[in-house]
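Read the structure below first, then the notes.
Laboratory data are not the source of any read-out in this text; all were calculated from the coordinates shown. All figures in this text were calculated on a predicted structure; none of them were measured in a lab. We place every Cβ from the backbone using ideal geometry, glycine too, and count neighbours over all the protein chains shown.
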Amino acid sequence: MTARHIDGKAHAAKLRATVADHVARLKQENGITPGLAVVLVGDDPASGVYVRSKGRQTVEAGMNSFEHRLDARASEAELLALIGRLNDDPGVHGILVQLPLPDHLNEALVINAIDPAKDVDGFHISNAGLLATGQKSMVPCTPLGCLMLLRDHHPGALAGMEAVVIGRSNIVGKPMAQLLLGESCTVTIAHSRTRSLPEVVRRADIVVAAVGRAEMVPGDWIKEGATVIDVGINRIERDGRKVLVGDVEFASASERAGAITPVPGGVGPMTIACLLANTVTACCRANGLPEPEDLTM
Ligand code: GUN
C-alpha cells in the first residue's frame, strides 16, 4: 500500500480561516475581540521561535496578542504575579506559559495558577480531570489537532479501532489517549518501558507517535492500511545537512500505512491553529455566547 500523505498545513490553514471568520463575527456582532497572552521565561531560541509564531498567527486571525517576556532568572513570585494580573484582565481570554520553564520554576505550580477558563493549553489539573471524566474542558492543542486530522483522514469510523499512542507525556500522550477513548477506540499507551513494542504497534489501526526520538518506529512495525499520526519533530544531521524528521520512519511507513502525516507539514501546523481555536472557544464561554462547534472536538 502507498499511504496518502495527510496535509496538515492545508488543514491548519482552513482551521485558521474558520477562526478568523468567528473572530470577525465576535467583533461585529458583539464588539468583543478575543485576546491571547503568551508568557515566555528566558531566552531558549526554539521557544522564542514558537512564541513569535503564535503571536503573528494570533494577530493574523484578527485577535489581540499580548506577549510577556521575563528574564531567565525571574522568580516564581514574579511569574505568579503576572499570571494573576492576566487572570484578572477581562481583555485576556487565553493564557499560555511557554514550556519548558527554567529549572528553578515549579512547572505544575505555575500551570495550576492559570485560571482554568483561560487555560488554552488545557494543561491545568482541572482541565485534565474534566477531559479524563468526559466533561467539557479546554483540550490540549496538539492532541486536539491530531484528533481533527484523524477524523478527516481515517477511513471509516474511529469507534472500535485499535489505537496505540506511543509516549505518555501530559502534553500529548495522556490527553491523546483520553480523546481516542472518547471516540470509543481501544487504546494502548506505550512508552519506553513497554515490552514487545513492535508487536503492540503492529496491532494498531491508528498509531500516534509522540516520543521525541528520531525515526524510532520503523515502517515494518506498521499494520497494512493503518493511519499514522507522527507528532515528533526531531532535528538530525543527514548527509551533512540538518533535517527535521518525525518519530516514524516516513519512507518505509508510507509503503504500509493507509495515511500518514509528514514531518514537517503534518501535525506541527495544527497545534497553533488549535491554540487560536481554543482562544475563541474560551472567549465565547467567558461572554456567555454559544461556542462554535467547528473549533473543537
Ligand atoms: N512547549 C512545547 N509544546 C508546548 C505547548 O503545546 N504549550 C506550551 N505552553 N509549551 C509548549
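List of remarks:
- Local net charge near GLU249, Cβ-Cβ under 11 Å (Lys/Arg +1, Asp/Glu -1): -4
- The chain: angle of helix 173-182 to the longest principal axis, Cα-based, in degrees nearest 10: 80 degrees
- Stokes-Einstein translational diffusion, segment 167-270 - Kirkwood Rh over all Cα pairs, 1.306 mPa s, 10 °C, in µm²/s: 114 µm²/s
- Segment 1-43 and segment 48-126: distance between their alpha carbon centers, rounded to Å: 18 Å
- Near ILE189, once Lys and Arg are set to +1 and Asp and Glu to -1 for all other residues with Cβ below 10 Å from its Cβ, the sum equals +2.
- Cα gyration tensor shape for segment 239-281, rounded if a/c is under 1.5, else prolate or oblate: oblate
- Within straight-line reach of LYS118, meaning a Cα separation under 29 Å, sit the following lysines at least 8 residues removed in sequence or on another chain: LYS9, LYS14, LYS27, LYS54, LYS136, LYS174.
- Stokes-Einstein diffusion coefficient of the chain, Kirkwood radius over Cα pairs, 37 °C, 0.692 mPa s, in µm²/s: 167 µm²/s
- Distant alpha-carbon pairs in segment 153-193 (separation over 14 angstrom), percent: 44 percent
- Cut-off 13 Å (backbone N to label point 7 Å along Cα→Cβ of ASN30), residues of segment 50-66: none
- The convex hull drawn around the Cα atoms of segment 3-112, when projected onto a plane and averaged over every direction, covers 8.8 nm².
- Segment 37-194 shape via C-alpha gyration tensor axes, a/c threshold 1.5: prolate
- Overall Cα dimensions of segment 79-150 - principal axes, largest extent first, Å: 38, 30, 22
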